[in-house]
Amino acid sequence: MNRERQLAQAFLALSDTYAAEFDPLHLFHSLVHACQDLLDVDAAAVMIADARGGLRTMASTDEDAAFTELLQLQSGNGPCMDSYRTGEPVSVPAIAAEQAHWPQLVAAVIDAGYDSLQAIPVRLHQRTLGVLTLLRRQLGPLTPDDVHLAQALADSAARALMHWSTEPSRADDVITRVQSAIASKATLEIAKGMIAQYADTTITEASHLLTAYARQRRIRLSETVQALVNRNMHPSAVAEAKR
């Protein structure tokens, strides 16, 4: 598939808020994987600010524990928090050079095998909702074109978040939609743990099973995980879906 078609599909996936399977979990998953496919990056993650201003990871292209810890270290400080506070992209072309600023974060990034980082604000007009984190296994900044495309993808996701409900949105819906998305992600983590334990598998494989189950049945992932957590569906239904 050529780049033009990839771009078209990426923006369609982020904007098709009337699709039956559309929900915030699917939205953020589409965003990070579009970035990995379209940009000169090796990993991507999106974090959204909670009611206290801390950044919560909503989706990432790598669910390894070390990568998750790397993201958690940015909740209070680091280039992603700087991008969230200023509403502007932050480029770190050589993460090792920032040891004095963010010692724990720099160590975690280097241990994970990454050399540079780009933070992109997820903005709804003039309001910053979160940050898109882009990591590379090489030194140097992203090209201006890739930064521009990443910003366009992030902003498209922010707009989609506000329009995924069939109800008309109001200005004061921003906080409600964001907190709803964060709650859905928390439920997803519980459901992944349930599936991993039941099927005796990894969290990453449990995530794949949940996504496959929802996609096969054309239902929202958030509905699937809610049913599991509420005990309205047995984990076996998801664990056996792959068969």
Worksheet item: Can you pull out the helices (runs of 4 or more DSSP H) entirely within region 1-94 that have at least 2 residues that are outside the structural domain of THR211 (by TED's automatic domain parsing), modelled with pLDDT of 90 or more and farther than 13 Å from LEU132 by Cβ?
Response: 79-86
Discussion item. Scan region 108-127 and tell me whether some residue there is crowded, with 17+ Cβ neighbours inside 10 Å, free of Cβ contacts under 8 Å to residues at least 60 places away in the same chain and among the polar types (S, T, N, Q).
Written reply: yes
Worksheet, complete the sentence: Quick count over region 72-108, residues being of a type in the set (Gly, Ala, Ser) and touching a Pro at 6+ places or on another chain (Cβ under 8 Å), is 3
Fill in: Qualifying positions in region 192-225 - free of Cβ contacts under 8 Å to residues at least 40 places away in the same chain and under 17 Å from PHE28 (Cβ atoms)
LYS192, HIS208, LEU210, THR224
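The values are calculated or read from the model by the stated rules, or taken from the named source; none is laboratory data. From a predicted model like this one, the values you see are computed outputs, not experimental measurements. Note: ideal-geometry Cβ built from the backbone for every residue, glycine included; neighbour counts use all protein chains shown.
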